[in-house]
Structure formats: structure tokens, C-alpha cells
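> Got a structure here, written out as C-alpha cells. Questions coming.
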Amino acid sequence: MTLLETGYQGLFTVVPIILAFMVILCLVRAIKGPRIADRIVAVNMMGTMTMVIIAILAIKMEEGYLVDICIIYAMISFLAVTLLAKVYMGVYAEKKKKEEKENGHT
Amino acid sequence: MAILEWIRFLVGAAFLLGGLTVFGIELFGVFHYKYVLNRMHAAALGDTLGIALCMLGLVIFSGFNFTSVKMILVVVFLWFASPVASHMVARFEVSTNEEIEKECEIDKGEE
Amino acid sequence: MSRLLSEEEYRKTKAYRMKRWYHGDKDPYISKVEMKPQKPFKEDVELQRKRLHDELILNQRIYDVEHNNKILAFRKFYRFISVIFVAALMAILLYMVSYLPPTGDATNPDNNEVAAKYIEDGMADTGAVNIVTGMILDYRAFDTLGESNVLFIATCAVLILLRLDKNEKTDTTKEEEEENDRLYEPKNDIILQKVAFFLVPLIIIFGIYVILNGHISPGGGFSGGAIIGAGLILYLNAFGFQKTERFFTQKTYKWICFVALSFYCLAKTYSFYCGAHHLETGIPLGTPGDIISAGLILPLNICVGLVVACTMYAFYAMFRKGGF
């Protein structure tokens with residue numbers, strides 16, 4: 001193994017490990033986050049880092065098809081953020097309206 | 001040719017590590033700021049600049065082929081999607097937080 | 001008497017009347033406000049019979065001691081039998097575990113010829129470069145048909161449980177019906193709409209790419225269908241139910257699922273009857289690696305993808321609105 005190959009292997013081994021640690025820290029943020037928006041942002045960050053990990057694996061294992069999963073991950077993460085934000089907004093508005101109704105009656 | 005390979009490795013590694021640094025900064029910002037709307041600035045950093053640098057480094061590693069086109073597609077997709085996701089989260093936060101005046105000034109002219 | 005008024009004048013004042021009422025001499029209301037006497041409670045014969053009948057039935061239902069005893073006995077019996085059944089089942093399964101081969105043995109059945117056969121002959125038999133697709137859509141296509149049917153049946157069950165009846169909301173106004181689907185949600189977010197306008201075709205095209213390349217690269221009907229379903233959900237989220245119902249309703253869903261599943265059924269039946277393994281089917285396999293190759297795998301992939309995409313969308317729409 002030449003020095004160059006060793007460099008590639010080292011780089012492709014170290015960078016995913018660092019990213020994995022970052023993902024764990026994001027998970028801490030997602031668990032700690034006082035508001036729901038905190039958690040959504042943290043989960044979105046985790047998705048981005050996972051995409052980079054998958055892309056690095058695709059280059060390392062020379063399997064180009066793994067990048068497809070990156071694209072799917074990006075789509076699903078975007079969809080999840082928009083859907084969660086919208087659904088929670090709807091739920092919050094409904095709860096607010098119900099409370100107002102109850103207060104108005106009593 | 002060996003020197004060209006080395007240059008490619010070094011440039012790619014520089015981009016990859018740059019992206020990693022951006023991710024680190026993003027993470028620092030997310031833990032440093034105290035409120036969601038501030039944290040979102042830091043979080044959007046990795047979605048756009050961080051992944052773009054990482055993918056650029058990987059494209060340099062792999063050369064120009066179908067895989068790298070797909071990687072560029074990921075970046076383009078995220079550049080479209082990430083601002084909208086941030087917009088949705090910000091709108092969600094502003095519309096559900098009842099004590100938002102404590103955190104920041106909001107312009108009440110429109111609503 | 002130290003009155004200022006004379007006796008006659010005093011008799012006209014209210015105080016005098018008050019006094020008389022207080023002493024009980026005369027009640028001023030006695031002939032003015034009177035309650036009419038209550039009519040005696042009368043019941044015609046039919047009403048009485050009905051009431052008695054109802055009471056009888058109620059008594060029978062509540063105090064039907066004999067039947068209730070039967071039910072209680074059956075419950076005790078049921079518990080007893082179920083415990084015995086579960087214990088017997090556990091005993092049988094644990095007994096069977098002792099017959100399993102030891103771990104780490106090279107002659108174990110999980111190292112047998114089936115896997116080797118799939119790996120060696122898969123490409124020549126099915127024409128698919130991706131061995132997994134060749135397996136699930138050629139060797140084990142009945143299994144995949146069952147999975148697609150399970151998705152369809154699951155949607156039917158959710159439809160039965162969650163669908164809102166149309167008759168309940170006949171008297172709503174047009175505006176309410178318009179807002180019905182997203183009453184509490186922010187509507188028409190222009191930023192999301194503009195971006196969805198770009199991204200939805202991209203997502204759907206990518207899903208089609210994954211489906212069409214199912215026999216060449218990893219992917220296939222299930223994952224591609226899920227991606228197309230995600231695209232449809234994003235479209236629905238950005239533009240609302242009204243826009244989506246122009247091209248996707250329950251009828252569309254039923255027809256797509258019906259056509260896809262029955263085509264799958266017929267094609268696979270033909271392939272099973274006429275070309276089980278070494279028989280000639282008449283379906284060319286093509287050169288492995290081309291998009292139009294691998295015989296029946298590509299159309300079957302498309303069928304599965306359609307079913308999965310419609311199922312994803314239908315689940316989402318049903319849980320959000322209760323019908324689509």
C-alpha cells in the first residue's frame with residue numbers, strides 16, 4: 001500500500017468517525033431542546049451529517065449507487081421538516097381555538 | 001503523474017476538512033446560542049456551505065462521472081430545500097411561541 | 001292610636017291591606033292567581049303496553065342471570081384454555097429449538113445450495129444484474145404479490161376505519177368545505193409553493209429513475225414508489241387537497257391499484273404456468289444491464305411502484321383528512 005492509499009484510507013476512516021460524534025452531539029441537542037423547533041432543527045442537522053457520511057462511504061467503497069440514498073435522505077429530511085412544522089402549527093391553532101371556546105363559555 | 005494525484009488528494013482533503021470545520025462551527029453555534037431563532041442561523045450553515053464543501057471535496061476525489069453528478073444534485077437540492085425548511089421552522093416558532101416578545105422584537109405592522 | 005290619618009283613609013292605604021294579609025284576615029291573591037288542578041295521568045292502552053314491553057325487555061337484558069352465568073363460565077373457561085394453549089405452544093416451540101443446528105457449523109442449512117444457486121445462476125436465469133431484484137421479482141414473485149396485496153388491504157382497512165362519511169357534512173357552506181381539509185393550518189405559503197413547484201417534479205423523476213433501474217442498480221418498486229409517494233405528499237402539503245383532488249381521488253387510487261395488481265397477477269401466472277424454470281416462456285431476457293431487459297421484472301417493478309406510491313399517499317391523506 002502506497003502512502004497515497006494510506007492517506008485516502010485514513011481520511012475516509014477519520015472523517016466519518018468525527019461526523020458520527022457530531023451526530024451524537026446533535027442528538028443531545030434534540031433531546032435537550034426546550035422547544036419543538038429546537039428538536040426539528042437538530043434532526044435536520046443530523047440528516048445533513050448523515051448525508052455526508054453516506055457520500056464518503058460511497059467514495060470509499062466505490063459504490064456510486066449509495067449516493068442515491070443521499071438524495072433520498074435530503075428529500076425525506078426536507079419533507080419531514082416542512083410536514084412537522086405545518087402539522088404542529090395546525091395542532092397548536094386547534095388547541096388555542098378550543099381553549100378560547102372553553103374560556104368564552106365559562 | 002504521482003504529483004497530480006497528490007495535488008488532487010490534498011485539494012480534496014482540504015475541501016473535505018473545510019466542510020468538517022463548518023459542521024463543527026455549526027454545532028458550536030447550536031450549543032452556544034440560547035434561542036431557536038438564533039440557533040437556526042448556525043444550523044443553516046451546515047445545510048448549505050458545509051455540505052457543499054464536503055461534496056466538492058468528494059467530487060474532486062472521484063473525478064467527473066455519474067456519481068459526482070448525483071452528488072452535485074444533492075447540493076443543488078439542498079440549496080433549494082434548506083431555506084424553505086428554515087422558513088417553515090421560523091414561521092412555526094413565531095406563530096406558536098406566546099412569549100416571543102421576551103426573546104426578540106417583532107414587527108407588528110403586518111399582522 | 002296615634003295615626004295621622006282617619007280610620008276611613010287608613011283603610012284605603014296599602015299598609016292596612018298589608019296588615020290584614022299579615023294577620024290572615026284576607027288573602028289578596030286568593031281569587032286572582034290560582035293554579036289549575038293537575039290532570040290525572042292517563043295512558044292509552046297502546047302506550048302502556050309498549051312501556052310494559054320495554055320494561056320487560058330491559059329487565060330481561062339486565063337481570064338475565066342464567067345467560068350471564070353462562071357468559072361468566074365461558075370467560076373462565078376461555079382464560080383457562082388460553083393459558084393452556086399458550087403453554088403448549090411455548091413447549092412445542094422450545095422443543096423445536098433443540099433441533100436447530102449448532103451455530104458456526106459449516107454444514108448448516110443457511111450455507112446450503114439455494115444461496116449459491118441464486119448468486120451463480122441469478123443473472124443468467126432472470127436477466128437482472130441486481131440479484132436481489134431478480135430474487136424478489138422472479139424466483140419469489142408470489143411473495144412480492146402478497147406484499148403488494150397487503151399494502152392494498154391495509155389501505156382498505158384504514159379507509160374503513162378513518163373515512164368520514166360524506167352525508168355528515170351536507171349542510172356545510174361552500175367556504176367551510178373549502179377550508180375543511182386545512183382548517184387550522186396556515187394556507188398557501190407562497191415560499192413553499194414556489195419551491196415545491198421546482199422540487200416535486202425532481203422528486204418524482206428521481207422516483208421513476210429508481211423504479212426503472214430496479215433490475216440494474218439497488219432500488220426497485222418499493223423504494224421508488226416510496227419516493228414518488230413522498231413527492232405527492234409534498235405537493236399535497238404545499239398546494240392543499242383541492243389541487244390534488246383534481247388528479248388523485250379515491251377512484252384513481254382504486255383503478256391504479258386494481259390494474260397494477262391484476263396485471264402483476266396475470267403476468268406472473270403466465271410466467272409460472274408456461275415457464276417455471278427450464279421451459280421456454282417466449283419473453284426475451286435481453287442483454288443484462290440494459291433498461292429494457294430482464295423479461296418481466298421491469299413491468300412488475302412498475303406495478304409494485306405504482307401500488308406503493310398510491311398507498312403512501314392514501315395513508316397520509318386519510319390520516320390527515322379522513323378521505324381523499
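> Those residues that are within 27 Å of C:Lys321 (Cα to Cα), more than 8 Å from chain A (Cβ to nearest Cβ) and surrounded by fewer than 24 Cβ atoms within 10 Å (Cβ to Cβ), I need them from the range C:206-226; list them, please.
Hits for the range C:206-226 are C:Phe222, C:Ala226.
> Tell me which residues, restricted to the range C:113-150, are hydrophobic (A, V, I, L, M, F, W, C), assigned to a helix (DSSP H, G or I) and either in the same structural domain as C:His215 (by TED's automatic domain parsing) or under 30 Å from C:Ile256 (Cα atoms) (or both).
Just the residues of the range C:113-150 that are hydrophobic (A, V, I, L, M, F, W, C), to begin with: C:114-116, C:119, C:123-124, C:128-129, C:131-132, C:135-137, C:141-142, C:145, C:150.
Subsequent filtering for residues that are assigned to a helix (DSSP H, G or I) retains C:114-116, C:119, C:123-124, C:131-132, C:135-137, C:141-142, C:145, C:150.
Listed by number, the residues that qualify are C:Ile131, C:Val132, C:Met135, C:Ile136, C:Leu137, C:Ala141, C:Phe142, C:Leu145, C:Val150.
> Continuing with this model, one more query. Residues to consider are C:Cys274, C:Cys257; find the one that is at pLDDT 75 or above and out of contact with any strand residue (DSSP E or B) (no Cβ under 7 Å at 6 or more places or on another chain).
Numbers: C:Cys274 fails: at pLDDT 75 or above.
Selected residue: C:Cys257, the only one of C:Cys274, C:Cys257 that is at pLDDT 75 or above and out of contact with any strand residue (DSSP E or B) (no Cβ under 7 Å at 6 or more places or on another chain).
> Here is a further query. Starting from the range C:114-138, take each residue that is farther than 15 Å from C:Gly219 by Cα and list its partners that are surrounded by 15 or more Cβ atoms within 10 Å (Cβ to Cβ) and among the polar types (S, T, N, Q), counting only C-beta distances under 7 angstrom and pairs at least six apart or across chains.
So the pair list comes out as C:Gly127/C:Ser293; C:Asp138/C:Thr126.
> Within the range B:5-22, identify whether any single residue is at the interface with chain A (Cβ under 8 Å from one of its Cβ atoms), more than 20 Å from A:Gly7 (Cβ to Cβ) and in a helix (DSSP H, G or I), and answer yes or no. Can you show your working first?
Going residue by residue through the range B:5-22, those that are at the interface with chain A (Cβ under 8 Å from one of its Cβ atoms) are B:5-6, B:9, B:13, B:16-17, B:19-20.
From what is left, the residues that are more than 20 Å from A:Gly7 (Cβ to Cβ) are none.
No, every residue in the range B:5-22 fails to be at the interface with chain A (Cβ under 8 Å from one of its Cβ atoms), more than 20 Å from A:Gly7 (Cβ to Cβ) and in a helix (DSSP H, G or I).
> If I filter the range B:47-99 down to residues being hydroxyl-bearing (Ser, Thr, Tyr) and farther than 21 Å from A:Met46 by Cβ, which single residue comes out as surrounded by the most Cβ atoms within 10 Å (Cβ to Cβ)?
Filtering the range B:47-99 for residues hydroxyl-bearing (Ser, Thr, Tyr) gives B:48, B:62, B:67-68, B:82, B:86, B:95-96.
Subset that is farther than 21 Å from A:Met46 by Cβ: B:62, B:67-68, B:95-96.
On the way: B:Ser62: 19, B:Thr67: 22, B:Ser68: 20, B:Ser95: 16, B:Thr96: 19.
That would be B:Thr67.
> I'd like to check something: does the range C:122-138 contain any residue that is buried (at least 16 other Cβ atoms within 10 Å of the Cβ), modelled with pLDDT of 70 or more, at negative phi and within 29 Å of the chain's Cα centre (by Cα)?
Checked against the condition, which is being buried (at least 16 other Cβ atoms within 10 Å of the Cβ), modelled with pLDDT of 70 or more, at negative phi and within 29 Å of the chain's Cα centre (by Cα), the range C:122-138 yields at least one hit.
> Sticking with this structure for a sec: Sort out which residues of the range C:31-61 are of a type in the set (Lys, Arg), more than 30 Å from C:Trp21 (Cβ to Cβ) and at pLDDT below 85, and write them in order of number.
First, pick out the residues of the range C:31-61 that are of a type in the set (Lys, Arg): C:32, C:36, C:39, C:42, C:49-51, C:61.
Cutting the leftovers down to more than 30 Å from C:Trp21 (Cβ to Cβ) gives us C:39, C:42, C:49-51, C:61.
Result: C:Lys39, C:Lys42, C:Arg61.
> If only one of A:Val28, A:Val23 is more than 7 Å from chain B (Cβ to nearest Cβ) and either aromatic (Phe, Trp, Tyr) or out of contact with any helix residue (DSSP H, G or I) (no Cβ under 8 Å at 6 or more places or on another chain) (or both), which one is it? Can you show your working first?
Numbers: A:Val23 fails: either aromatic (Phe, Trp, Tyr) or out of contact with any helix residue (DSSP H, G or I) (no Cβ under 8 Å at 6 or more places or on another chain) (or both).
Sole residue among the options that is more than 7 Å from chain B (Cβ to nearest Cβ) and either aromatic (Phe, Trp, Tyr) or out of contact with any helix residue (DSSP H, G or I) (no Cβ under 8 Å at 6 or more places or on another chain) (or both): A:Val28.
> State which residue is farthest from A:Ala42 (Cα to Cα) when the search covers only the range B:14-36 and only residues that are surrounded by fewer than 19 Cβ atoms within 10 Å (Cβ to Cβ) and more than 13 Å from the chain's Cα centre (by Cα). Working first, answer last.
Within the range B:14-36, the first condition is being surrounded by fewer than 19 Cβ atoms within 10 Å (Cβ to Cβ), and the residues that meet it are B:14, B:17-18, B:21, B:24-25, B:28-29, B:31-35.
So of that shortlist, the ones also more than 13 Å from the chain's Cα centre (by Cα) come out as B:14, B:17, B:28, B:31-35.
Values: B:Ala14: 26, B:Leu17: 22, B:Phe28: 12, B:Phe31: 11, B:His32: 14, B:Tyr33: 13, B:Lys34: 14, B:Tyr35: 13 Å.
The extreme case among them is B:Ala14.
> Continuing with this model, one more query. Restricting to the range C:227-243, and then to whatever is surrounded by fewer than 20 Cβ atoms within 10 Å (Cβ to Cβ) and touching a residue at least 40 places away in the same chain (Cβ under 8 Å), can you tell me which residue is nearest to the chain's Cα centre (by Cα)? Before you say what the answer is, go through the steps one by one.
Quick first cut of the range C:227-243, residues surrounded by fewer than 20 Cβ atoms within 10 Å (Cβ to Cβ) only: C:239-243.
Then keep just the ones that are touching a residue at least 40 places away in the same chain (Cβ under 8 Å); that gives C:239-242.
Numbers: C:Phe239: 23, C:Gly240: 20, C:Phe241: 18, C:Gln242: 21 Å.
Selected residue: C:Phe241.
> Would you mind stating whether B:Gly29 is outside any loop (DSSP other than H, G, I, E, B), over 20 Å from C:Ile191 (Cα atoms), facing chain A (nearest Cβ under 7 Å) and of a type in the set (Gly, Ala, Ser)? Write out each step before concluding.
Values: outside any loop (DSSP other than H, G, I, E, B): yes; over 20 Å from C:Ile191 (Cα atoms): yes; facing chain A (nearest Cβ under 7 Å): no; of a type in the set (Gly, Ala, Ser): yes.
When the stated conditions are applied, B:Gly29 does not pass them.
> Scan the range A:43-67 for residues that are within 19 Å of C:Gly231 (Cα to Cα) and more than 7 Å from every other protein chain (Cβ to nearest Cβ) and jot them down.
The answer is A:Gly47, and nothing else.
> Return the only residue of A:Tyr88, A:Tyr92 being among the aromatic types (Phe, Trp, Tyr) and either free of Cβ contacts under 8 Å to residues at least 40 places away in the same chain or not in a helix (DSSP H, G or I) (or both).
Details: A:Tyr88 fails: either free of Cβ contacts under 8 Å to residues at least 40 places away in the same chain or not in a helix (DSSP H, G or I) (or both).
From the options A:Tyr88, A:Tyr92, the qualifying one is A:Tyr92.
Yes/no per residue for (1) more than 8 Å from chain A (Cβ to nearest Cβ); (2) modelled with pLDDT under 85:
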| site | (1), (2) |
| --- | --- |
| B:Ile51 | no, no |
| B:Gly57 | yes, no |
| B:Phe66 | no, yes |
| B:Trp79 | yes, no |
| B:Val84 | no, no |
| B:Val94 | yes, yes |
| B:Ile100 | yes, yes |
| B:Glu105 | yes, yes |
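> Between a residue in the range C:288-300 that is outside the structural domain of C:Thr269 (by TED's automatic domain parsing) and surrounded by 19 or more Cβ atoms within 10 Å (Cβ to Cβ) and any residue that is among the polar types (S, T, N, Q) and modelled with pLDDT of 70 or more, which pairs come within a Cβ distance under 8 Å, given they are 6 or more apart or on different chains?
Taking only residues 6 or more apart or on different chains, not a single pair turns up.
The values are calculated or read from the model by the stated rules, or taken from the named source; none is laboratory data. Here the structure is a predicted model, which is why all the values come from computation and not from measurement. Ideal geometry is used to build each Cβ from the backbone, glycine not excepted, and the neighbour counts take in all protein chains shown.
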